[in-house]
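Each value in this text was obtained by applying a stated rule to the coordinates, not by laboratory testing. No experiment lies behind these values; they were computed from the predicted model shown. Cβ: placed from backbone, ideal geometry, glycine included. Neighbour counts: every protein chain shown.
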Amino acid sequence: MLQVRDVTNKWADWAVVAVDYNAAKTHIDTLWAHSVNDNGSLSDKPESFKREVVVNAIEHGSKFMTAYRPSAASPYSKGALLQVMLVGGKKFVHTKPNSTPKDNLE
C-alpha cells in the first residue's frame, strides 16, 4: 500500500502524468505518477500503480494531482486534484466532481 506523506511543503504526494484505460474507456487500469519531492520537483522516473491502489491511497490521505507539459521540452506543471467519487455504488477517479459513471481526468 502507498504510504501517506507529509504534504505541507509540497503540492502533492504524486503527480499523475499518464494513464492506461480499459478497452471500454470507462475505467483507468494503470496510472503513471512521479513522486513529488519536498521542494515541489518530481522524481526522475514515474512509477506505475493499479487504479485500485490509487483509490485506496486517496481514501487514506495521499494527494494525487495531474501534471502536464505544455511541450516536450517544458517542465511539468500542476494540473487538477484527483478525487474518488461514488457513482451508482462504484468508485471512480475524477478531477471534476460529477455523477458520470466512468473515470475522468480532465
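Quick notes on this one:
- Relative contact order computed over the stretch 14-81 (Cα-Cα under 8 Å; 6+ residues apart), in percent: 28 percent
- Pairwise Cα inverse-distance average, inverted: Kirkwood Rh of the stretch 14-81 (Å): 12.6 Å
- Once backbone amide H atoms are built at 1.01 Å from N, HIS27 has ASN22, ASP103 as its partners under 5 Å, excluding neighbours fewer than 5 places away on the same chain.
- Neighbour counting of Cβ atoms within 10 Å sorts the residues SER71, SER41, SER77, SER35, fewest neighbours leading, into SER71, SER77, SER41, SER35.
- Fully extending the segment from ASN104 to ALA24 would add 27.5 nm, taking 0.36 nm per residue of separation and subtracting the current Cα-Cα distance.
- Reachable lysines from LYS25, criterion Cα separation under 27 angstrom, eight or more residues apart if same chain: LYS45, LYS50, LYS63, LYS78, LYS90, LYS91, LYS96, LYS102
- Looking at the stretch 14-81, the DSSP beta bridges with both ends there are about 85 percent antiparallel.
- Look at the dipole of the chain built from charges on Cβ: of GLY40, SER77, THR100, the Cα furthest out on the positive end belongs to THR100.
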